[in-house]
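Take a look at the structure below.
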Amino acid sequence: MASVARTDLSKSEKDELCCVYSALVLHDSGADITADSLQKIITASGNTVEKYWPALFARSLKGLDLAGVLGSVGTGSASSAPAPSSAPQETKKEEEKPAETKKDDDDDALAGGIGFGDDEW
């Protein structure tokens, strides 16, 4: 949403963004992320959100390793990452084959110059 102006966001998108920022503030301060603490941050920032948003975020983030999630942003998920290996990796280079070109009968004729074969004049 960084490329979208705040004024162009829908009410629902603004509410969600307020909850995300509030959860990040709480996480950074080491506080528990609860519906009440989210609502306090949102109110203190001068924003209002629909009642269900703080509770929804609190339930969604409960038991989640938020530090791990934030640390893996942009690096892909840990479950899809290949396991580290102590064995050296061999890289096989595939041999490049020259592209085969189709020869037309016309090509043979033009290659000889005049194009009438071995006939003499």
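None of the figures in this text is laboratory data; all of them are computed from the coordinates on show. Keep in mind that what you see is a predicted model, and the values were worked out from it rather than measured. Heads up, the Cβs are rebuilt from the backbone with ideal geometry, glycines too, and the neighbour counts pull from every protein chain shown.
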Review point. So what is the relative contact order for segment 18-68, in percent, with contacts set as C-alpha pairs under 8 Å and at least six apart?
Key: 40 percent
Exercise for review: Pop the C-beta distance of Ala31 and Asp8 into the FRET formula with R0 = 41 Å and round what comes out to the nearest 0.05.
Suggested key: 0.85
Review point. Residues with beta-carbon under 12 Å from that of Leu26, excluding Leu26: net charge, scoring Lys, Arg +1 and Asp, Glu -1?
Key: -2
Check your understanding: Contour minus end-to-end for Glu50 and Leu17, with contour as 0.36 nm per residue of separation and end-to-end as the Cα-Cα distance?
Key -> 10.7 nm
Point to revise | Global size of segment 13-76 as Cα Rg and Dmax, reported in angstrom | key: 11.6, 35
